[in-house]
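Okay, so here's the structure we're looking at.
The values are calculated or read from the model by the stated rules, or taken from the named source; none is laboratory data. Small disclaimer: the values here were computed from a predicted structure and weren't measured. As a convention, Cβ positions derive from the backbone with ideal geometry for all residues, glycine included, and neighbour counts pool all protein chains shown.
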Amino acid sequence: MQTGNSTRAELAAIVAFLEGPTVDREGNVYFTETKTHKIMRMAPDGTLSVFRDNSNAANGLVFDLEFRLIACEGNPSNPRVTRTDTKTGRVEVLASRAMGLTLTAPNDVTFDNQGRLYFTDLPGGAVHRIDPDGKVTRILSAPAIQRPNGITISPDDKILYLVEANQAQGGARMLRAYDLQPDGTPTNMREFFNFYPGRSSDGITMDSKGNVICAAGLNAPRGTSETLDTKPGIHVISPAGQRIDYVPINEDTITNCAFGGTDLRTLYVTAGKSIFKIAMDVPGTRR
């Protein structure tokens, strides 16, 4: 074997890529394993189990107001959003091509105080809203947005935050903010926080003071135009659009985050093959 400075190890394969954490009433953390298409469950004592095999390329997850599991399923041949009763295992399809919708790969999802769901279709360049009566409405689309990823809503339902994660040279890598109208329509788009030229945020969540919690950055280049200017880890952005805290995470790729624990002060973060947890000073929301 050759040794010395001329020898370097190169990544040959990625066998796990975790995404989409969300936490139920009992403190179980659900998350997706996007390489093997599973939805996993981690009990409060750390025990891991498979909640669902053949997840249809599930990515972002969230528990709705009634603690039913909402999943964005990104299988390009069957893109859809589903709702699962975790007690019975019953799965309902909330959005799909069979409903006449133009979907590519639903990516991430959140909810408001009215029980409406909002999900992104990253490669399709769109955001949809699902109303409690089942009506699905496209509320944002290209070219006004480019590659929408993470999404969340302020605790008072007044602001919708949307991640742009365009890896192309000159592409949007930012948080957009919108005024969210009472009927669930976003208006008055403005740039809230810009990550360019570094890697943008992926998943986001919200704490109880209205700070946006972002999983962003890279530890090493990944063959795109993204630079290493965005430090890898959790970035906390205030309602005024200022970064007020940062927690480093030394594993690629930081993908998503969600609050849990009895007081919602534990932030769970998916990154590469690992789940991290961070004790936060400000309690979170479940969005």
Restricting to the stretch 84-110, and then to whatever is in a strand (DSSP E or B) and within 21 Å of Phe259 (Cβ to Cβ), can you tell me which residue is nearest to the chain's Cα centre (by Cα)? Asp108
Answer yes or no: is there a residue in the stretch 248-255 that is of a type in the set (Ser, Thr, Tyr), buried (at least 17 other Cβ atoms within 10 Å of the Cβ) and closer than 22 Å to Val109 by Cβ. yes
Limited to the stretch 199-244, what total is found for residues that are assigned to a strand (DSSP E or B) and over 20 Å from Asn59 (Cβ atoms)? 8
From the options Phe63, Phe67, Phe51, residue that is farther than 22 Å from Ile151 by Cβ and among the aromatic types (Phe, Trp, Tyr): Phe51
Scan the stretch 167-210 residue by residue and report those that are of a type in the set (S, T, N, Q) and surrounded by fewer than 21 Cβ atoms within 10 Å (Cβ to Cβ). Gln167, Gln169, Gln181, Thr185, Thr187, Asn188, Asn194, Ser208
Exactly one of Leu101, Leu65 is surrounded by fewer than 24 Cβ atoms within 10 Å (Cβ to Cβ), free of Cβ contacts under 8 Å to residues at least 60 places away in the same chain and closer than 20 Å to Val29 by Cβ, and that residue is Leu65
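Let's see how each residue does on (1) in contact with a Pro (Cβ under 8 Å, 6 or more places away or on another chain); (2) touching a residue at least 24 places away in the same chain (Cβ under 8 Å):
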site	(1), (2)
Met189	no, yes
Ser201	no, yes
Asp207	yes, yes
Ile213	no, yes
Ala220	no, yes
Ser225	yes, yes
Val236	no, yes
Tyr246	no, no
Asp263	yes, no
Would you confirm whether any residue within the stretch 227-236 is closer than 18 Å to Phe119 by Cβ, more than 17 Å from the chain's Cα centre (by Cα) and crowded, with 18+ Cβ neighbours inside 10 Å? no
Could you list, in sequence order, all residues of the stretch 265-287 that are part of a loop (DSSP other than H, G, I, E, B), without any contact (Cβ under 8 Å) to a residue 60 or more places away in the chain and either surrounded by 14 or more Cβ atoms within 10 Å (Cβ to Cβ) or touching a Leu at 6+ places or on another chain (Cβ under 8 Å) (or both)? Arg265
Looking only at the stretch 156-176, and only at residues there that are within 19 Å of Ile234 (Cβ to Cβ) and in contact (Cβ under 8 Å) with a residue 40 or more places away in the chain, the one that is farthest from the chain's Cα centre (by Cα): Arg173
Which residues, taken from the stretch 104-127, are under 15 Å from Ala172 (Cβ atoms), in contact with a Gly (Cβ under 9 Å, 6 or more places away or on another chain) and buried (at least 22 other Cβ atoms within 10 Å of the Cβ)? Thr120, Leu122
Considering each residue of the stretch 1-46, count those that are at pLDDT below 90 and either among the hydroxyl-bearing types (Ser, Thr, Tyr) or closer than 17 Å to Leu69 by Cβ (or both), and give that number. 3
I'm trying to understand the selection: among the residues of the stretch 216-258, which are at pLDDT 95 or above, closer than 26 Å to Glu33 by Cβ and either acidic (Asp, Glu) or in contact with a Ser or Thr (Cβ under 6 Å, 6 or more places away or on another chain) (or both)? Ala216, Gly217, Glu226, Thr255, Asn256, Cys257, Ala258
